[in-house]
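Notes follow the structure.
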Amino acid sequence: MKIYTESNRLVYREILPTDDHSLFKLDSNPLVHKYLGNNPVKDLEEIKKVIQSIRQQYIDNGIGRWAVIEKETGKFMGWSGLKFIKEYENNHINFYDVGYRLLPEFWGSGYATESAQAALEYGFIQLDLPEIIGMVHEENMASRKVLVKCGFEFIEQFKWEGINFDWFKITKSAWQKLII
């Protein structure tokens with residue numbers, strides 16, 4: 001099992017096939033999918049395909065979403081991290097996106113912000129990326145706050161599958177100014 005990085009309260013490791021039940025608990029929850037098109041997964045087979053896809057991203061791109069583990073308890077909390085986007089989104093292709101998805105029991109405690117900051121550090125230091133994108137449903141104020149706290153700048157609004165999303169960006173130089 002590969003551990004990518006750690007932060008004060010969290011460990012970020014590769015997503016494993018044995019995470020299937022934990023990921024199912026996350027992605028079958030309607031609250032979690034409120035701003036993701038309201039389409040929670042219905043069965044474990046869907047999750048197994050998601051895990052295979054993420055594990056293939058590790059091979060193909062050297063990065064993919066990470067399992068987020070609470071240090072104190074060892075609990076699986078959700079996922080976070082970077083993803084290399086190879087499809088057109090908002091007229092962009094081949095970019096790195098930061099994302100986070102946590103079980104509701106972990107909402108409101110700063111874990112999403114902590115995990116996004118860890119992903120930015122990994123992206124800008126380990127991968128030497130020039131910029132990282134963040135995309136959020138226009139009504140998802142909690143996720144929007146995370147991006148703003150991490151130093152992302154709102155760029156524009158765009159449609160994704162007929163839904164308004166906000167496009168954010170942070171450059172390596174802007175991030176470096178924040179951490180000094």
Checklist entry - Within straight cross-link reach of residue 42, meaning Cα distance under 17 Å, which aspartates and glutamates are found once same-chain residues fewer than 8 apart are removed? => result 19, 20, 27
Item to check | Calculated on alpha-carbon atoms, Rg and Dmax of the chain in Å | outcome: 15.4, 46
Checklist outcome for this item: Excluding ligands, DNA and RNA, the carbon-plus-sulfur percentage of the accessible area of the stretch 34-117 with a 1.4 Å probe reads 46 percent
Checklist entry - Rounded to two decimals, what ratio of Rg to Rh does the stretch 38-80 give with C-alpha atoms and a Kirkwood Rh? => result 1.04
Checklist entry - In debye, nearest 20: dipole of the stretch 30-180 around its Cα centre with unit charges on the Cβ of K, R (+) and D, E (-)? => result 200 debye
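Based on the alpha-carbon gyration tensor of the stretch 81-180 and its eigenvalue square roots a ≥ b ≥ c, which shape applies: rounded if a/c is under 1.5, prolate if not and a/b is larger than b/c, or oblate?
Because a/c hits 1.5 or more and a/b fails to exceed b/c, the stretch 81-180 counts as oblate.
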Checklist entry - Among the GluC sites (Glu not before Pro) within the stretch 44-137, which fall in a DSSP loop and have no more than 15 other Cβ atoms within 10 Å of their own Cβ? => result 72, 87
Checklist entry - Could you work out Rg/(2.2 N^0.38 Å) for the stretch 1-56, with Rg from alpha carbons only? => result 1.25
Next on the checklist: Could you tell me the calculated FRET efficiency between residue 154 and residue 29, based on Cβ-Cβ distance and R0 = 25 angstrom, to the nearest 0.05?
Outcome noted: 0.35
Checklist entry - Quick one: length gained pulling residue 127 to residue 107 fully straight, 0.36 nm per residue minus the C-alpha distance? => result 4.4 nm
Checklist entry - With Cβ to Cβ distances under 12 Å as the rule, what net charge do the other residues near residue 58 carry (K, R +1; D, E -1)? => result +3
Checklist entry - Taking the Cα centre of the chain as the origin and placing charges on Cβ (Lys, Arg +1; Asp, Glu -1), which of 122, 148, 28 is farthest toward the positive end of the dipole? => result 122
Checklist entry - Quick one: how many Å² of residue 24 are accessible to a 1.4 Å probe, rounded to 10? => result 60 Å²
Checklist outcome for this item: Rounded to two decimals, the Debye log10 I(q)/I(0) of the stretch 27-127 (Cα scatterers, no solvent) at q = 0.13, 0.14, 0.22 Å⁻¹ is -0.52, -0.61, -1.43
Item to check | Beta bridges by DSSP in the chain, antiparallel share as percent, to the nearest 5 | outcome: 95 percent
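The values are calculated or read from the model by the stated rules, or taken from the named source; none is laboratory data. Model, not experiment: these values are computed from the prediction. Every residue, glycine among them, receives a Cβ derived from its backbone with ideal geometry; neighbour counts consider all protein chains shown. Heads up: the accessible areas ignore ligands, DNA and RNA and are worked out on the full protein's heavy atoms, side chains in. Shrake-Rupley method; radii C 1.70, N 1.55, O 1.52, S 1.80 Å.
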